[in-house]
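Structure first, then comments.
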Amino acid sequence: MSSVPLSMYLMLALILFCIGLFGALTKKNAVIVLISIELMLNAVNINLVAFSKYSLHPGLSGQIFTLFTIAVAAAEAAVGLAILIALYRNRPTVSVDEMDTMKH
Amino acid sequence: MLQNAWLIPLFPLLSFIVLTAFRRHTGRLAAVIGLAATGASLLMALMVFAEQWQGNSFKAEITWLEIGDKIITMGYEVNPLNALMLVIVTLVSFLVHLYSKGYMEGDSRISVFYAYLGLFTFAMLGLVLSPNLLQVYIFWELVGLGSFLLIGYYYFKPEAKAAAKKAFIMTRIGDVGLFIGIILLFWQTGSFEYDEIFKAVANQEISQTMITLTALLVFVGAIGKSGQLPLHTWLPDAMEGPTPVSALIHAATMVAAGVYLVASAFPLFEASQTALTTVAAVGGATAIFAASIGLMQKDIKRVLAYSTVSQLGYMMLALGSAGYTAGIFHLTTHAFFKALLFLAAGSVIHAVHTQNIEEMGGLWKKLRLTGPLFLIGALAISGFPLLSGFFSKDEILAAVYADGRYGLFVLALIAAFMTSFYMFRLFFMVFSGQPRSKQDGVHESGWTMTLPMIVLGVLAVVAGYVNTPWFGTFLNDYLAQGPVELAHEHHGPLWIPIAATTVSLLGILLAYLMYAKKSLSRDWLSRSFPSVSDIIYNKWFVDEAYEATFIKGTKAASCGGTLIDRYIVEGAAEGTVSAVQLLAKSGNKVQDGKVQTYGTVVILGLAVIFAVVALTGGYFS
Amino acid sequence: MSSMLLTLLIFSPLLSVLILLFVPSDDEKTLKMTGVLGALLPLIAAVTAFTAFDTAESGVQLEEVYQWITYEVFQANGELNYSIQYHIGADGLSMILILLTAFIAFLASIASFSIKEKLKSFYILFFILELGMLGVFSAQNLFLFFVFFELTLVPMFFLIGRYGYLNREKAAWSFLIYNGIGSAILLIAFVALFMKSGSMAFDQLKAVFALPEADLKEMYLTENFRMGILIAILAAFAVKLPVVPLHTWMLRVHAEAHPAIVMIHSGILLKIGAYGMIRFGLGIFPEEFKSLAGVIAVLGVVNLLYGAFLALSQSDMKKVLAYSSVSHMGIVLIGLAALNEYGIQGAVFQTVSHGLISALLFFLVGVLYNRRGSSQLHDFGGLASQMPVAAGLLLAGGLASLGLPGMSGFISEFMAFLGLFEVMPVTAAVGTIGLILTAVYVLRAVLGVTFGRVKREGTVYGADMTAAERFPAFMLLAAIIIIGCYPALLSGLLGATLESIKLGLGG
C-alpha cells in the first residue's frame, strides 16, 4: 500500500481547487476563466479518486464517477467555448469585465 | 281627544313634506296649505287643552329601539305644562303663517318658506309632547335645524349665511352639554323617561354631585337655545331671517325651548340648590346684560332681539328662584307681546323698507293700526300696570324676593328700568317726531298682517289675568296638577309691584324726555362716558372676544393639524419610502452584471455560513 | 337551491363579467345597461337572502361548507390533519353589511354613468370588486376571508389608477402599498393562528380561545402570543379603517378616484376595517380586546378630533369629506372600545350610516365636479339658486353627517357615546368636542357651496340634477332617514350577534 496518506490527496485537491477558484473569480480573460473551472473540476476528481481508494469499503465507483465527470467536463468546456466564440462574434472581446449584460 | 294629541305635530310635518315635494307647483297655494296645517293643529291643541284643563293627563309610548335588555321608547305625553305650550306654539305659529302671507308676498320661494315654517313648528310641537329626554333631544336638534333654515332663508346674503351658521354652531355647543347630561342621567337612572328620572331623584338614588352635574349640563343646553350668557350672540344675529321668522323664533319656538326644558326638568333642578342658584344667576346676569346692550342698538329688530334675551333671562331667573309658575307665566305673556312687537316691527319695516331707527320717525300718523299695537306691546313688556307683562314680571320679582336672592332682585329691577327705557326709546324714535329720511308711499299693511297683530294685541292685554293676586291664580292651580310640586304661591309684599311700576314708569318718562320732548340731550352718555358707551354699543365686545379666542384658537389648531399631517405624518411615510428606495439602490449597485462578482459573493457567503456553523456548532444542534 | 343562496349571491357579479366580455367596448348604452342590471342582480340576491334570514335566531345562518384543501403533516407525536374548508354563512352583522354592499354597489353602478372612457373594463373590474366585497362579509374562515380580501385590492387598484383625476396613479400606488402592508401583516397573523391552533374556521377559533387558560398554555397559545396576534390584526385593519396616523393613503384615494369608486371605497371598503375589528378582534380575542379598550378609546377620540380639526381648514370639498371620514371612523373605535351593547351597536350603526352618508356626499361632489370642473370650495357659492335640488341634497347630506337626529348619523353617534360614557366618561366627554367641530366644518363646507352668491356671471353650474343623478341620491337619503327614524330595523338584525359577542366578553 502506498504510504501517502489521504490528507495529502485532499490537500492537493484543496490547493488545486483554490487556484481554480481564484482564477475563475479574478482572471479577465474568458478562456483562462474556463481553464480555471477545469482546474476546479479536476480537484473534485482527485477527491473522488482518493475517497474511492481510502474509504472504509474501497471500490471502483468513485473512479468510474470520475470518468463521467471528465466526460461531462469536456462537454461543458465545448459548450463554454462555443458560447465564448458566439459572444466573440458579436462583441470582439474575451474580457470578462465587459461581459456585464446580465445587469440589464 | 288626548290620545289623538300626536296628530298635532304631524299636520305641520305634512305641510313641510307636501310643500317640499311639490314646491314647483304650489305657488300661491303654499300659504293656504301652511295655514290649513297649523290651523288644524291649533284647533286640536285647543281641544286638548280644554280636556286637559279638566285634569286629564295622557301618555302613550311605542318601542323605538331595543339594546340588550334596555328598551328605548318614543311616545307622547299630555300634561298641564305641555298642553299650555301646545296652545301657545300653535297659536303663534298660526298667526305667523297668516302674517307671512302678506309679508312675504311676491317672494319667489314662498313655498320653501312655508315648508320651513312647517318643519320648525313640527319640531317645536314634537319637543313639547316628548315624554322622555332622548326624544326631547331629537326634537331639540330639529328645532335648531328649523331655525337654521329660516335664519338662512335669504341664502344669498352673506350675513344671513353667517348668522345661520352661527345660530347652529352656538346652539350646538349647548346641545352637546344637554347630550352629555342626558347620557349621564341614563347611566344614573337607567332611563330617559322624565317620570323615571324624577322618581330616582326623589328617592335619592343619585348622588348629590351627580344631580348638580346633570342639572347643570341640561341647563347648558337651555343656555344655548335660549340665548343666555355666554352663548347669546347668535340670537341678535338671527335677525337676518325674515321678520315673521323672528317672531316665531323669539316668541313661541326655539328660544322658548330652553325655558321649557328647564321647566319640564324642574324636579331635577329643584333637587340641587347649586343648580338653581346657577340658573338664577345666569338668568339675572343675562337679563341686565342684554338690556344694557338694547339701550344703544340702532336696528329695530336687534333692539327687540336683545329684549328677548333679557326677558328670557328673567324667565330663567324666575325658574332658578323656584318660581316655576312665574317662569311659565312670563313665558306665556312674553310669547304674546313679543310676537306682537316683532310683527308690528315687521309691519313698520314693510312700510319704510329700512330697519334703522335713525331713519324712521313720525310714523304714528301713517301707520294707524301698527302704531297703537306696537304701543300696547311696548307697554306690556315694560310692565305697565294692568297689562299682561305687569303681572308676570311682578310674579317673577316676588319669587326672587321670596327666595332671598336680594342681589338678583336689584339686578332685575334695574333690568326692568332699562327695558322700559329702550322700548320707549324705540317707540318714540319710530313713531314720534318728524321723518328723518325720505319716506314714500308709506301705508298700513293688509289685513293678513294686521289681523294677527290685533289678536296678539288683545292677548297681550288680557293674558295677564290668568294669574293675578286679585282675580285668582288659575295658571298656578292648573300647573299644580303637573309633575312639579308647587310649594306655595308667592304673594310678595305690596311694595314690590309698586316699586316695579315706578321703575318702569321712570324708564318711560326718561325715554320720553330724551327722544320725544328732547329736553334731555340724547348723547349725554356717549359724551360723558365715551368708553362705557363704546363698550355697550359694541355689545360688550363679546363677539370680538370669541373671535379672538375660540375661533382663532380653533383655526390655529386646524392649521397646526394640517401642518402635522403634511409634514410629520406624510413625512414619516415619505421617509419610509425613501429609506426603502435607498436600500434598493445600494442593492442595485452590487448587481453589476459580472459573473465573477456574483461568484465571489457566493463563495464569501458560503465561507461565512461555514464559519458560523463551525463556531456555534450549528443551528440545529 | 336555497342552500346555495349565499354562494349564488357572492358569485352573481361573475355572470355580469361574463356578459360584459361579449359586449363591444364602444357600445356605451349596452355597457351601462349591463352594468346597472348586473349590479341589481346581487341586490336582488341579497334581499332574497335577507328574507331567508331568520332575525330571531342567533348564530350563523345560510351556511355552506365544502371540503376544500386538506393535507396531512407527520409529526413526532402523531399525524396532524389540516383542512381548509369553503365555508360561508352570514350572521346579523354580515347580513347588514352584505345588504349595504349590494345597495351601494348598485347605486355606484348608476353613478358610473359619468365615465366616458374604458367603460367596459371599468364594469368588469367593478364586478370583480363587488364579488370580493360580498365574499369578505360572508366568509366564515380566515383563509377564505383573506382570499376575498385580496380580491378587493387588485381591482380597486386599477379602478383608482385608471378612472379618476389628475394624480390618480399616485393615489392608486398609495392605496396598494398601504393596504398591501396591511394584508401582509394580516396574512402573518392568520398563518400564525392556523399553525398554532390548527384551524381557520371562525367558530372553531372562537371555541379554542374560549378554553380555560391552562388548556391554552398547553397548546402554546400563551397570553403574549394572543396579545401579539390581536395587535397584528388590529394594526392590519387600522390601515383599512383608517386610524390616524395611517390615514394619508385614504385622503389621496378620496381626492383622486372617480366618485363612483369613492362611493364604494368610503361606503364599503373602509367598513371592512371595522368589520375585521369586530369579527376577529372582539369575536376571537374578547379578553385581550378588553385590556386594550383604553388605548382604542383614546385612538378613537384622537381620530375623531384630528379628522374634525383638519377638515376645518381644507379648501377642497373632497378633502373635507375625506377628513370627515377619518373623524367618523373614530366613532367606530369609540363604540368598540366601550365593549358594551350600546357601544358595539353604535359602532355597527356607524359603519352602515357612514357608508350611506359618505356615499351620498361623494356622489354629490362628483355631480358638482362634472358641472363645474372643480371641487375647490372657493369656486363654489350660490348653488341653491341654480341647482336647488343638488343644494338641498347636499345640505341634507351635510346635516346627516353632523349627526342630526332623524338621520342615521345621530343614532350611531348617540349609541357610541352612550356606550363609552358608561365606562370612560372623561375620554368620552373629550370626544364630544368632536360633535361641535363636526357641525363647524360641515356647515363651513356645505354653506360655502350652497349659500351666498354665484361666483361668476351667468349659468355656472348648468342644469340641475338629471333623473339618473337624482335616483341614487334620493335612494341614499331615504335609507339614511329610514334608519334614523326607525333604527330598530337594523338593531333587530344585530341583536343575536351582539348577544354572542357579549357572551364572549363574559357578560
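The values are calculated or read from the model by the stated rules, or taken from the named source; none is laboratory data. If you're wondering where the values come from, they're calculated on a predicted model, not measured in any experiment. Neighbour counts are summed over all protein chains in view; Cβ atoms, including those assigned to glycine, are modelled from backbone coordinates with ideal geometry.
Within segment C:385-418, the set of residues being touching an Asp or Glu at 6+ places or on another chain (Cβ under 8 Å) and more than 9 Å from chain B (Cβ to nearest Cβ) comprises C:Gln386, C:Met387, C:Val389, C:Ala390.
Looking only at residues in segment C:361-384 that are small (Gly, Ala, Ser) and more than 14 Å from chain B (Cβ to nearest Cβ), the one that is nearest to C:Lys319 (Cα to Cα) is C:Ser375. Within segment B:1-29, the set of residues being modelled with pLDDT under 80, among the small types (Gly, Ala, Ser) and surrounded by fewer than 16 Cβ atoms within 10 Å (Cβ to Cβ) comprises just one member, B:Gly27.
May I ask you to list the residues in segment B:27-66 that are more than 14 Å from chain C (Cβ to nearest Cβ) and among the polar types (S, T, N, Q)? Residues satisfying the conditions are B:Thr38, B:Ser41, B:Gln52, B:Gln54, B:Asn56, B:Ser57.
The set of residues in segment B:227-237 being part of a helix (DSSP H, G or I) and under 19 Å from B:Ala287 (Cβ atoms) consists of B:Trp234, B:Leu235, B:Pro236.
Yes/no per residue for (1) closer than 20 Å to B:Phe168 by Cα; (2) among the acidic types (Asp, Glu); (3) part of a helix (DSSP H, G or I):
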{"position": "C:Gly419", "(1), (2), (3)": "no, no, yes"}
{"position": "C:Ala428", "(1), (2), (3)": "no, no, yes"}
{"position": "C:Gly431", "(1), (2), (3)": "yes, no, yes"}
{"position": "C:Gly452", "(1), (2), (3)": "yes, no, no"}
{"position": "C:Ala468", "(1), (2), (3)": "no, no, yes"}
{"position": "C:Leu494", "(1), (2), (3)": "no, no, yes"}
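It is to be established whether one or more residues within segment B:573-584 are within 14 Å of another protein chain (Cβ to nearest Cβ), in a helix (DSSP H, G or I) and within 30 Å of C:Leu437 (Cα to Cα). Yes: segment B:573-584 contains one or more residues that are within 14 Å of another protein chain (Cβ to nearest Cβ), in a helix (DSSP H, G or I) and within 30 Å of C:Leu437 (Cα to Cα). Would you check if there is a residue in segment C:429-444 being in contact with a Ser or Thr (Cβ under 7 Å, 6 or more places away or on another chain) and among the β-branched types (Val, Ile, Thr)? Yes, the conditions are met somewhere in segment C:429-444.
Here the condition is being within 37 Å of the chain's Cα centre (by Cα) and either surrounded by 12 or more Cβ atoms within 10 Å (Cβ to Cβ) or at pLDDT 85 or above (or both); of B:Lys555, B:Lys585, it holds for B:Lys555 alone. Does any residue of segment C:454-475 turn out to be within 19 Å of the chain's Cα centre (by Cα) and aliphatic (A, V, I, L, M)? Scanning segment C:454-475 turns up at least one residue that is within 19 Å of the chain's Cα centre (by Cα) and aliphatic (A, V, I, L, M).
Residue by residue, here is whether (1) under 30 Å from B:Tyr154 (Cα atoms); (2) in a helix (DSSP H, G or I) holds:
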residue	(1), (2)
B:Leu65	no, no
B:Thr73	no, no
B:Asn82	no, yes
B:Val87	yes, yes
B:Leu91	yes, yes
B:Leu98	yes, yes
B:Gly102	yes, yes
B:Tyr114	yes, yes
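Residues checked against (1) over 24 Å from B:Ile551 (Cα atoms); (2) within 14 Å of chain B (Cβ to nearest Cβ); (3) modelled with pLDDT of 90 or more:
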residue: C:Tyr275; (1), (2), (3): yes, no, yes
residue: C:Phe285; (1), (2), (3): yes, no, no
residue: C:Leu299; (1), (2), (3): yes, no, yes
residue: C:Asn303; (1), (2), (3): no, yes, yes
residue: C:Ser313; (1), (2), (3): no, yes, no
residue: C:Met317; (1), (2), (3): no, no, no
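Residues in segment C:448-473 that are surrounded by fewer than 24 Cβ atoms within 10 Å (Cβ to Cβ) and either at the interface with chain B (Cβ under 8 Å from one of its Cβ atoms) or closer than 21 Å to C:Leu336 by Cβ (or both): C:Gly452, C:Arg453. Against the test of being surrounded by 24 or more Cβ atoms within 10 Å (Cβ to Cβ), on the phi < 0 side of the Ramachandran plot and small (Gly, Ala, Ser), the options C:Gly283, C:Gly294, C:Gly307 yield a single qualifying residue, C:Gly307. Put simply, of C:Val208, C:Val191, C:Val136, C:Val147 the only residue that is surrounded by fewer than 16 Cβ atoms within 10 Å (Cβ to Cβ), in a helix (DSSP H, G or I) and touching a residue at least 12 places away in the same chain (Cβ under 8 Å) is C:Val147.
Scanning segment C:233-260 for residues that are more than 14 Å from chain B (Cβ to nearest Cβ) and surrounded by fewer than 18 Cβ atoms within 10 Å (Cβ to Cβ) turns up just one, C:Ala235. So which residues in segment B:196-226 are outside any helix (DSSP H, G or I) and closer than 24 Å to B:Gly258 by Cβ, if there are any at all? Once the filter is applied, which keeps residues that are outside any helix (DSSP H, G or I) and closer than 24 Å to B:Gly258 by Cβ, segment B:196-226 yields B:Ile206, B:Ser226.
Regarding segment B:227-239, can at least one residue be identified that is touching a Leu at 6+ places or on another chain (Cβ under 9 Å) and within 14 Å of chain C (Cβ to nearest Cβ)? So far as segment B:227-239 goes, no, none of its residues is touching a Leu at 6+ places or on another chain (Cβ under 9 Å) and within 14 Å of chain C (Cβ to nearest Cβ). Entry remark, segment B:250-266: residues being farther than 13 Å from B:Gly144 by Cα and assigned to a loop (DSSP other than H, G, I, E, B) number 1 in total. Scanning segment C:417-435 for residues that are closer than 17 Å to C:Ser324 by Cα and under 23 Å from the mean Cα position of the chain (by Cα) yields a count of 3. For segment B:30-49, a tally of residues being surrounded by fewer than 18 Cβ atoms within 10 Å (Cβ to Cβ) and in contact (Cβ under 8 Å) with a residue 40 or more places away in the chain returns 3.
Residue by residue, here is whether (1) at pLDDT 90 or above; (2) charged (D, E, K, R); (3) surrounded by 19 or more Cβ atoms within 10 Å (Cβ to Cβ); (4) assigned to a helix (DSSP H, G or I) holds:
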position	(1), (2), (3), (4)
C:Trp68	no, no, no, no
C:Val73	no, no, no, no
C:Asn81	no, no, no, no
C:Ile84	no, no, no, no
C:Met95	no, no, yes, yes
C:Leu99	yes, no, yes, yes
C:Ile104	yes, no, yes, yes
C:Ala111	no, no, yes, yes
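Scanning segment C:429-443 for residues that are at the interface with chain B (Cβ under 8 Å from one of its Cβ atoms) and not β-branched (Val, Ile, Thr) returns C:Ala429, C:Leu435, C:Leu437, C:Ala439, C:Leu443. Within segment C:419-428, the set of residues being surrounded by 24 or more Cβ atoms within 10 Å (Cβ to Cβ) and either aliphatic (A, V, I, L, M) or more than 8 Å from chain B (Cβ to nearest Cβ) (or both) comprises C:Gly419, C:Leu420, C:Ala428.
Within segment B:134-190, the set of residues being among the hydroxyl-bearing types (Ser, Thr, Tyr), more than 10 Å from chain C (Cβ to nearest Cβ) and buried (at least 23 other Cβ atoms within 10 Å of the Cβ) comprises B:Ser147 only.
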